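Note sheet for the following structure.
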Number of protein chains: 2
Amino acid sequence: MNVLITGANRGLGLEFVKQLVTHDTQIFATCRVPSQANQLKQVQEQYPERVSIINLDVTDNTSISRSYKLIRTKTKNLDLLINNAGIAIEDGGLGTFDVSTMKSILNVNTIAPLLIIQQYIDLLKRGKQPKIVNISSGLGSLARANGCHMSIYSLSKAALNMGTIHLAHELKYDGIVVIALTPGWVKTDMGGENADITPQESIAGMLRVIDSLSLSDSGSYYDHTGEIVPW
Amino acid sequence: MNVLITGANRGLGLEFVKQLVTHDTQIFATCRVPSQANQLKQVQEQYPERVSIINLDVTDNTSISRSYKLIRTKTKNLDLLINNAGIAIEDGGLGTFDVSTMKSILNVNTIAPLLIIQQYIDLLKRGKQPKIVNISSGLGSLARANGCHMSIYSLSKAALNMGTIHLAHELKYDGIVVIALTPGWVKTDMGGENADITPQESIAGMLRVIDSLSLSDSGSYYDHTGEIVPW
């Protein structure tokens, strides 16, 4: 299985690599600053045949196309794309909204995954039962929203969920599954110490969900246990 | 009643002004290029005491704050803010996504309404049963989405809906109602000739909905007939 994952240097992205690498996979582990991705490099040194570390700044279209040209020399097909890179910044609601922060959050969390899918779609079309997984958040659920200090993050994930639905419709006839997947509340730098589950549990759950997907699941919004999250 | 409306030069915004002006209202009708807002100027000439035409480019934070300083000299309170300005651009799905178009749509449809609310919130807090109406779209409903050629527009409105929920929670204790409201499919430049209803019908319906709102409706997503739209 050929997998491309963004934001693979730390947190959930790194844990995806760690768990996927124990299977028969070829992983294109992308991140913005490979030279600083020390933990990822350790995994790569342990599995040099399976892990390629690729430079990719998801907010830079030139960087997206450069990564594509490089990966294109290594493979002709992708079976799984995990749009994992994201930023979570707390806000204090009205009075604290800052234009450039709002734009950054939407660029990384909403626009970038769509651009990456657009760039890599031909490799995915040649994949085996190809899947696109957009890492969303429980905070992206409008039905469950009840006010929080992450309103811009939250709306960026709702927007990503909508993009997921549209692409699922568009790609159904190509046999490509597209879903939004929430990791749960995870003990990472982003989730903090009080979170519910470890990165190991979250990723193990998400990989089970991804593994079980069929085309009829496309366009859905799942959590790491496989439960449907209401929009 | 003091009303601020964005994108008042044409389409639904202009029709809001035309219908509101027949009531006892003071309307701050904003648009990006007042010098070209000929139809709005005609309304203003007919009701010079009720309509002020104000320059406001919703994508420019300096312009937002300049409009505020001007309006602040004319009134100390706002009772209704209608975030109507928006752009709808069709896309052809994957292969046609263009970074700068995506950013423009999100800037106008998602970020700008939040910045305008942030700027004007003190005037709204002094309003009488104040209401904030974010003009959304049926295409912003994730529950109803089934693929369309307006995917970026659609996700920008889903994101606006999420912002609406968060602000509704934040402003409930100030007694401010915040809703997302869809105009229906309207015969405008945006909606085209085949649409269901006229601008007159849409605006009359939306004004009835706005008029009937109480604080318990805050955070909801209505259509122009007063029906709840599923998220």
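The values are calculated or read from the model by the stated rules, or taken from the named source; none is laboratory data. These figures come from a predicted structure and were not determined experimentally. Ideal geometry is used to build each Cβ from the backbone, glycine not excepted, and the neighbour counts take in all protein chains shown.
Things to note:
- Residue match in region B:152-165 (condition: more than 9 Å from chain A (Cβ to nearest Cβ), more than 23 Å from residue B:61 (Cβ to Cβ), over 13 Å from the mean Cα position of the chain (by Cα) and not small (Gly, Ala, Ser)): no
- When region A:158-213 is filtered for residues that are more than 27 Å from residue A:123 (Cβ to Cβ) and assigned to a strand (DSSP E or B), the ones remaining, listed by number, are A:186, A:197.
- Residues in region B:125-141 that are facing chain A (nearest Cβ under 10 Å) and part of a helix (DSSP H, G or I): B:139, B:140.
- Test result for residue B:40, under 23 Å from residue B:201 (Cα atoms) and part of a helix (DSSP H, G or I): yes
- Identity of the residue in region B:17-42, hydrophobic (A, V, I, L, M, F, W, C) and under 17 Å from residue B:79 (Cα atoms), that ends up surrounded by the fewest Cβ atoms within 10 Å (Cβ to Cβ): B:21
- If the condition is being buried (at least 24 other Cβ atoms within 10 Å of the Cβ), not aliphatic (A, V, I, L, M) and not in a helix (DSSP H, G or I), then region B:1-16 contributes B:6, B:7.
- Conditions (1) surrounded by fewer than 24 Cβ atoms within 10 Å (Cβ to Cβ); (2) assigned to a loop (DSSP other than H, G, I, E, B); (3) out of contact with any Pro (no Cβ under 8 Å at 6 or more places or on another chain): number failed by residue A:144: (3)
- Only one of the listed residues (A:27, A:71, A:64) is more than 24 Å from residue A:187 (Cβ to Cβ) and within 17 Å of the chain's Cα centre (by Cα). That residue is A:64.
- Residue A:204 being free of Cβ contacts under 8 Å to residues at least 12 places away in the same chain, among the small types (Gly, Ala, Ser), surrounded by fewer than 19 Cβ atoms within 10 Å (Cβ to Cβ) and more than 8 Å from every other protein chain (Cβ to nearest Cβ): no
- Conditions (1) in contact (Cβ under 8 Å) with a residue 24 or more places away in the chain; (2) more than 19 Å from residue A:178 (Cβ to Cβ); number of the one not met by residue A:78: (2)
- Filter result for residue B:114 (modelled with pLDDT of 95 or more and more than 15 Å from the chain's Cα centre (by Cα)): no
Conditions (1) more than 24 Å from residue B:91 (Cβ to Cβ); (2) hydrophobic (A, V, I, L, M, F, W, C), marked per residue:
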{"position": "B:191", "(1), (2)": "no, no"}
{"position": "B:209", "(1), (2)": "yes, yes"}
{"position": "B:222", "(1), (2)": "yes, no"}
{"position": "B:228", "(1), (2)": "yes, yes"}
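- Positions within region B:49-95 being in a loop (DSSP other than H, G, I, E, B) and of a type in the set (A, V, I, L, M, F, W, C), in sequence order: B:56, B:58, B:78, B:85, B:87, B:88, B:89, B:94
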